[in-house]
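The values are calculated or read from the model by the stated rules, or taken from the named source; none is laboratory data. As the structure is a prediction and not an experimental result, all values here were calculated from the model. Glycine also receives a Cβ, built like all others from the backbone with ideal geometry; neighbour counts cover every protein chain displayed. All accessible areas refer to the heavy atoms of the entire protein, side chains included, with ligands and DNA or RNA removed. Shrake-Rupley method; radii C 1.70, N 1.55, O 1.52, S 1.80 Å.
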Amino acid sequence: MTQVHPAPAPPTPRREHTQVSRKSWSKRFFGRPEVGSLMGAVAIFVMFYAIADPFRTPGAQSTVLYASSTIGIVTVGVCLLMIGGEFDLSAGVGVTTSALAASMFAFQLSLNVWVGVVFALLVSLGIGLFNGFVLTRTKLPSFLVTLATFLMLQGLNLAMTKLVTGNVATNSISDMDGFDSAKAIFASSVQIGSVSVKITVFWWLLFVAVATWVLLRTKVGNWIFAVGGKADSARAVGVPVNRTKIGLFMTVGFTAWFAGMHKLFAFNTVQSGEGVGQELIFIAAAVVGGCLLTGGYGSAIGAAIGAFIFGMTGQGIVFANWNPDWYMFFVGITLLVATLLNLWVRNRAARR
Amino acid sequence: MTDNHTPVVELDGVGKSYGNIRALDQVSLAVHENQVTCILGDNGAGKSTLIKIVSGLHGYDEGSYRVDGVPVRFTSPRDALDRGIATVYQDLAVVPLMPVWRNFFLGSEITTGTWPLRRLDVGTMRATTDTELKKMGIDLPDVEQPIGTLSGGQRQCVAIARAIHFGARVLILDEPTAALGVKQSGVVLKYIAAARDAGLAVIFITHNPHHAFLVGDHFTVLQHGRIELDAARADLTLDDLTHHMAGGAELDTLRHELDRAGGPGPQPQLSGT
């Protein structure tokens with residue numbers, strides 16, 4: 001009885017852990033979320049490199065990177081949101097909404113296109129705010145909330161465009177004030193040696209770098225993992241759960257805006273029916289990159305590799321002279337295999 | 001031993017009703033530094049209501065609540081935290097997939113640098129987590145491992161160490177051993193003793209008199225929202241405590257009735273085959 005009372009130095013419960021005194025380098029490596037997608041990317045790259053001659057040229061690689069960047073930019077936002085435990089099904093049509101908003105606002109009011117660009121940013125952030133606000137207020141699952149937004153935007157895109165322009169596409173804005181400077185930012189090319197690389201590739205890499213830094217090295221990043229991992233625990237220790245989630249939806253809005261601006265300034269005009277189905281590609285890329293559907297786990301670099309896999313598959317099929325109709329089939333296979341691979345790698349890393 | 005000091009937390013004749021239901025009635029409690037105060041009771045005895053009042057989650061209807069001799073009326077757990085009253089709930093408020101050090105500092109992260117480049121001070125937080133846990137006698141090989149990979153007892157201890165590090169003077173532990181095995185419970189009980197030796201006032205809520213008696217200095221047994229027993233360790237044996245926990249006076253009455261009904265002990269009459 002009394003021998004408990006003086007309670008000397010508490011015990012050292014290291015018995016369960018002595019055999020793994022330090023995590024080995026390989027365990028650290030295989031414990032990373034992006035490992036599965038990296039292995040997949042290498043395998044697919046080697047396959048296309050072997051079977052498709054044109055795939056081996058630097059120009060083809062530049063095209064692959066460009067295709068990856070158009071998927072990858074929005075995937076950055078979608079991946080952060082998924083780590084934060086939510087979905088956004090409205091991101092695909094949100095890209096089109098943003099491009100339409102910028103184009104029509106500037107064209108109809110005969111303004112500098114930059115005014116349209118800023119207006120579109122406000123629209124996109126507003127959509128994110130709406131999604132986040134409805135979600136945190138009603139506690140409805142994000143699948144439902146953003147599905148509703150997705151359907152509403154799909155209808156709005158078509159209806160508003162027809163109402164304003166009398167057509168299903170917007171008028172070309174290529175001769176308007178500010179077009180050239182906006183195109184330089186959103187849709188120009190950079191010459192590197194003999195290869196021309198689209199500027200979106202650099203923006204994509206920048207966004208991935210910023211997202212990675214935010215996730216791993218800032219307070220907000222800590223909160224994102226926490227609200228996705230266990231929102232109640234996060235709230236209990238003082239994390240502003242609702243503000244974090246709303247911010248994440250607005251981040252998706254920002255990336256959708258950026259992709260929309262690229263689309264607008266690359267093609268001068270926007271088709272109002274575009275973007276449907278893209279939201280699932282973004283989500284698939286994030287999942288291939290190691291994001292858990294349930295939240296709390298994932299990485300921006302992994303999501304970038306996921307986007308690279310899909311960009312590479314889409315272009316590789318063309319370079320290999322296959323029928324492009326097979327693209328979606330390969331996307332499906334990749335998603336399934338990569339998810340299983342991620343699961344397997346994670347289980348192995350956890351068991352060792 | 002410390003009775004001449006002002007209690008850190010003191011309840012005097014506190015009562016609380018939920019509609020017609022009297023959850024607490026005339027409950028008094030004095031919690032001192034360097035002591036483990038155990039609150040015991042069956043399910044529905046009022047333990048939860050009592051700690052919710054102390055931790056600022058609920059208000060109270062009558063009586064008074066004093067912290068360091070000053071009357072207080074908390075409106076939120078934040079008020080209690082600001083006075084150093086921290087509660088470690090059963091679910092511990094940890095995020096299983098996150099590393100131990102990130103969990104340790106979650107919501108109170110240390111940052112460095114100015115705004116656009118304001119970043120986590122990862123080195124300091126890792127080192128602090130490690131030293132704080134070592135101080136509690138928890139030696140992890142790697143604070144980078146997800147907290148979900150720790151055992152239940154270890155997680156409990158990390159949550160306790162976190163509360164202490166962020167300035168808790170009063171530590172409320174809500175059934176910390178309820179979901180644990182014998183060995184793990186032992187580990188947690190040793191940390192409770194370590195927290196007490198570090199000078200904290202510990203309020204240990206449990207329905208296990210054996211666990212309570214191992215570390216407790218003062219015991220309060222609640223029953224139907226009233227105090228059934230309020231005694232210091234010196235005035236008590238484990239048998240007394242178990243007896244009171246098991247129902248005390250009610251149990252005596254029951255035994256009496258059973259005695260009258262037909263002899264002590266259930267002796268099945270195996271007559272006539």
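Can you give the longest stretch of chain B with no exposed loop site, where a site means trypsin sites (Lys or Arg not before Pro) in a DSSP loop (not H, G, I, E or B) with at most 13 other C-beta atoms within 10 Å?
Details: sites that count: B:ARG73, B:ARG118.
Here the longest run is B:119-273.
What percent does the relative contact order of chain B come to when contacts are Cα pairs within less than 8 Å and at least six residues apart?
On the way: 472 pairs, mean separation 68.2, N = 273.
Answer for chain B is 25 percent.
For the stretch A:96-147 and the stretch B:107-129, compute the distance between their C-alpha centroids and round to whole Å.
Cα centroid to Cα centroid, the span is 34 Å.
Take the solvent-accessible surface of the protein heavy atoms, probe 1.4 Å, and return the percent of it on the stretch B:9-251 that carbon and sulfur atoms account for. Display every interim value, and only then the final one.
Details: 4990 of 9570 Å².
Answer for the stretch B:9-251 is 52 percent, counting heavy atoms of protein chains only.
Total accessible area buried between chains A and B, 1.4 Å probe, in Å² to the nearest 100? Intermediate results must be reported in sequence, preceding the final value.
Numbers: alone 17650 and 14200 Å², together 28540 Å².
About 3300 Å² of accessible surface is lost on pairing.
Leaving ligands, DNA and RNA out of it, report the carbon-plus-sulfur percent of the accessible area of the stretch A:246-352 at a 1.4 Å probe. The partial results should precede the final answer.
Numbers: 3040 of 4400 Å².
Carbon plus sulfur share of accessible area: 69 percent.
Using DSSP to define loop residues, name the trypsin sites (Lys or Arg not before Pro) in the stretch A:102-163 whose beta-carbon has at most 13 other beta-carbon atoms within 10 Å.
Details: sites: A:ARG137, A:LYS139, A:LYS162; in loops: A:LYS139.
Taking the stretch A:102-163 and a limit of 13 other Cβ atoms within 10 Å, the loop trypsin sites (Lys or Arg not before Pro) found are A:LYS139.
To make sure I understand the rule: partners must be lysines, Cα under 22 Å from the Cα of A:LYS263, and not fewer than 8 residues away in the same chain. Which ones qualify?
A:LYS162, A:LYS183, A:LYS198
Over the stretch B:9-251, with the other protein chains present, what is the accessible area per residue in square angstrom, probe 1.4 angstrom?
Values: 9570 Å² over 243 residues.
Per-residue value: 39 Å².
What does the structure give for A:236-242 when I average, per residue, the other chain Cβ atoms found within 10 Å of the residue Cβ?
Numbers: counts 9, 11, 7, 5, 1, 0, 0.
Per-residue shielding by partner chains comes out at 5.
What is the sum of charges, Lys and Arg at +1 and Asp and Glu at -1, for the other residues whose Cβ falls under 10 Å from the Cβ of A:GLY132?
Details: positive: A:ARG137, A:ARG243, A:LYS245; negative: A:GLU86, A:ASP88.
Net charge in that neighbourhood comes out at +1.
When only Cα pairs under 8 Å and 6 or more residues apart are kept, what is the percent relative contact order across the stretch B:97-168?
Details: 62 pairs, mean separation 28.4, N = 72.
Averaging sequence separation for qualifying contacts and normalising by length gives 39 percent for the stretch B:97-168.
To check you understand DSSP bridge types, tell me what percent of the beta bridges within chain B (both residues inside) are antiparallel, rounded to 5. Walk me through the intermediate numbers first.
Details: 23 of 43 bridges.
Expressed as a percentage, antiparallel bridges in chain B total about 55.
Counting only C-alpha contacts under 8 Å and six or more residues apart, can you give the relative contact order of chain A as a whole percent?
Numbers: 606 pairs, mean separation 122.6, N = 352.
Once divided by the residue count of chain A, the mean separation gives 35 percent.
Take chain B, connect every pair of alpha-carbon atoms lying under 10 Å apart with a spring to form a Gaussian network, then pick out the residue of B:ALA30, B:ALA93, B:ALA159 with the largest mean-square fluctuation.
The residue with the greatest mean-square fluctuation here is B:ALA93.
If Lys and Arg each add +1 and Asp and Glu each add -1, what is the summed charge of the other residues whose beta carbon sits under 13 Å from the beta carbon of B:ARG66? Present the calculation step by step, with values, prior to reporting the outcome.
On the way: positive: B:ARG73, B:ARG83; negative: B:GLU10, B:ASP12, B:ASP68.
Combined, the nearby Lys, Arg, Asp and Glu give -1.
What is the total of Lys pairs in chain B with C-alpha atoms under 16 Å apart, excluding same-chain pairs fewer than 8 positions apart? Before the final figure, lay out each step's value.
Working: B:LYS16/B:LYS47; B:LYS16/B:LYS52; B:LYS134/B:LYS190; B:LYS135/B:LYS190.
Lysine pairs, 8 or more places apart or on different chains, close enough: 4.
Would you please classify the overall shape of the stretch A:33-351 from the alpha carbon gyration tensor, given that a ≥ b ≥ c denote the square roots of the eigenvalues, rounded means a/c under 1.5, and beyond that prolate means a/b larger than b/c while oblate covers the rest?
Numbers: a/c = 1.75, a/b = 1.08, b/c = 1.62.
Oblate shape, in that a/c is at least 1.5 and b/c is the bigger or equal ratio.
Given the -39500 (n - 2.57) contribution per DSSP H run of 4+ residues, what per-residue ellipticity at 222 nm results for chain A, rounded to the nearest 500 deg cm²/dmol? Write out the running numbers ahead of the final one.
Numbers: 14 runs with 244 residues, N = 352.
Here the helix-only value at 222 nm equals -23500 deg cm²/dmol.
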